[in-house]
Structure formats: structure tokens, C-alpha cells
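Undergrad: First the structure, then my questions, so here it is.
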Amino acid sequence: MERRPLLAGNWKMHTTVAEAEDLARAIIQSQIPADRDVLLAPPFTALSAVGKVISGSAVLLGAQNVCWEEKGAFTGDISPTMLKDVGCSMAIIGHSERRQIFGESDAMINKRVAGAMQHGLTPILCIGETLDERETDQTFRVLEEQVRNGLAGIVLGSGKKIIVAYEPVWAIGTGKTASVGQAQEVHLFVRELLATMYEKNIASEIRILYGGSVNPDNVDDLMGQDDVDGALVGGAALKADSFGRIINFNK
């Protein structure tokens, strides 16, 4: 089936509020084709400001993480209701930097996915293998574990949706990118895995994004793959001209 592409900009720990506003203004002035979705995920401090800038446009607002609780003693975290309050519709969960640097486990990521969905946020569940895991032929074992554990107990269908983002850890911020063949191979594996966990028609509707040094030079080839439904973009999303070119990819 035809899945609507999603181009998501993960700004990570970049931009002051003023810088975020300027970048968001420049991006919404890009010619965004009507057949695709665009998401901006600024740092928490800029969410409200960016939300106001993009209000009335087709651009969506997302968060870089989300807690599983509505409120409480969770210093440094942010709740789904807080994110909904500033206009977020999606939340990135389980990014490799959260796993690798901050030690977030599959169990914690699973709680975040469940909490987001319970409050009407669409989770973007990130998965990916390290260079060592790829070189020792553990890629598919690692990804299956991350998908199964991350979605444990998660019910899909009846309007409940998720997005998966495949980001090989060895390609994030390194300038290295999985070949189009490698990306398609993994995306197809993930879709077939989802089909064993849920109904086949549900798996066919799930958007699977590629992340890992996506840039204007490789986006067309990546988006030309059958099971690559979009991109989760880091560094190239911090410049309006490069992200604008990614948004306007040509298959």
C-alpha cells in the first residue's frame, strides 16, 4: 500500500528559542509538497515557541522524548500532557543517544511508548545496531529484540499507530550512511517482523523511517526504496536549505 512519507527534523541539543523560531519560519516557507508530512522536533525549551511559529501551517510538532507518567516526581523529564499542551502530536522514543549515552533500557523505552500512546501522542520508536553488532552479524537479532521489547504489550489498530525509525548507530553523525540496499533490507525485515506481531495489514500501514546522516545528496536514493517511508534527520535539519531539499525529495 502507499504510505505517506514523513520527513522529521530532530534538532537534538541545538538552537536557542530565537534560533529555533528563525529556523522554523524558514522551513515553513519552503515549498512543501502536499503528499508528505513534515515534523520538527526542537529542544523542549523551544517547543512552545516553534509551535506558535508553525501554527496554521501543515508542519507538525514533535518532542525528542517523553515520560510515561502524566505528572509527578520525575526531575528532568517531560510528560505527555505537557507536550500535548504545546501542540505536539509525536514523540521520538529510544533514540540511540538515549540508549547509548543515557542508558535507557528497552523496558524504559517500552514504558515511554505506552505512556505516549495512552495520551494520544504517536511514538517514533528508534532502533539500531552498533558497528560491532553489524560486523559480528548481530544486526537482525538486535533489531528484533529492540522491536519486540519496545512494543511489548502495545496494541495497534483502531486508530492506534506507531512509527518506527531505523537508525544504525554507526551512521549517526558520522557522515556514514547505510547503503540503499542495507536500508531496504533492514526496513523489509522490520516490516515482516511487525507482520508476525500484528496483523499483516497493520504492518503494511506502519511508516518506517531511515535515520543516520541523511542529507540532500542521498535522500532521493533512500526514499526510492519500497520500504523506506521517510527520514529522521539530524544535522541536515538544522539548516533550512538542506532540510528543504530533503523535504522535496524526488524518488
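The values are calculated or read from the model by the stated rules, or taken from the named source; none is laboratory data. From a predicted model like this one, the values you see are computed outputs, not experimental measurements. Glycine also receives a Cβ, built like all others from the backbone with ideal geometry; neighbour counts cover every protein chain displayed.
Undergrad: Out of contact with any Pro (no Cβ under 6 Å at 6 or more places or on another chain), surrounded by fewer than 17 Cβ atoms within 10 Å (Cβ to Cβ), farther than 15 Å from Met197 by Cα and touching a residue at least 40 places away in the same chain (Cβ under 8 Å): is that true of Gly157 in this structure? Please lay out each step first, then the result.
TA: Working: out of contact with any Pro (no Cβ under 6 Å at 6 or more places or on another chain): yes; surrounded by fewer than 17 Cβ atoms within 10 Å (Cβ to Cβ): yes; farther than 15 Å from Met197 by Cα: no; touching a residue at least 40 places away in the same chain (Cβ under 8 Å): yes.
Against the criterion (out of contact with any Pro (no Cβ under 6 Å at 6 or more places or on another chain), surrounded by fewer than 17 Cβ atoms within 10 Å (Cβ to Cβ), farther than 15 Å from Met197 by Cα and touching a residue at least 40 places away in the same chain (Cβ under 8 Å)), Gly157 does not qualify.
Undergrad: Which residues, taken from region 207-226, are under 20 Å from Ile92 (Cβ atoms) and touching a Leu at 6+ places or on another chain (Cβ under 8 Å)?
TA: Arg207, Leu209, Tyr210, Gly211, Val214, listed by residue number.
Undergrad: Going by the conditions given, is Glu129 part of a helix (DSSP H, G or I), in contact with a helix residue (DSSP H, G or I) (Cβ under 9 Å, 6 or more places away or on another chain) and either touching a residue at least 12 places away in the same chain (Cβ under 8 Å) or closer than 16 Å to Thr196 by Cβ (or both)? Quick ask: steps written out before the conclusion?
TA: On the way: part of a helix (DSSP H, G or I): no; in contact with a helix residue (DSSP H, G or I) (Cβ under 9 Å, 6 or more places away or on another chain): yes; either touching a residue at least 12 places away in the same chain (Cβ under 8 Å) or closer than 16 Å to Thr196 by Cβ (or both): yes.
Taking the combined requirement at face value, the residue does not satisfy it.
Undergrad: (1) surrounded by fewer than 19 Cβ atoms within 10 Å (Cβ to Cβ); (2) farther than 17 Å from Ile206 by Cβ: which one isn't true of Glu129, the others all being true?
TA: If we test Glu129 against (1) surrounded by fewer than 19 Cβ atoms within 10 Å (Cβ to Cβ); (2) farther than 17 Å from Ile206 by Cβ, just (1) comes out false.
Undergrad: From the residues in region 138-160 that are modelled with pLDDT of 95 or more and assigned to a loop (DSSP other than H, G, I, E, B), which one is farthest from Lys200 (Cα to Cα)? First the steps, then the outcome.
TA: In the first step, residues of region 138-160 are kept if they are modelled with pLDDT of 95 or more; the result is 138-156.
Now narrow it down to the ones that are assigned to a loop (DSSP other than H, G, I, E, B): 138, 151-156.
Values: Gln138: 25, Leu151: 16, Ala152: 18, Gly153: 18, Ile154: 16, Val155: 14, Leu156: 12 Å.
Checking each candidate, the answer is Gln138.
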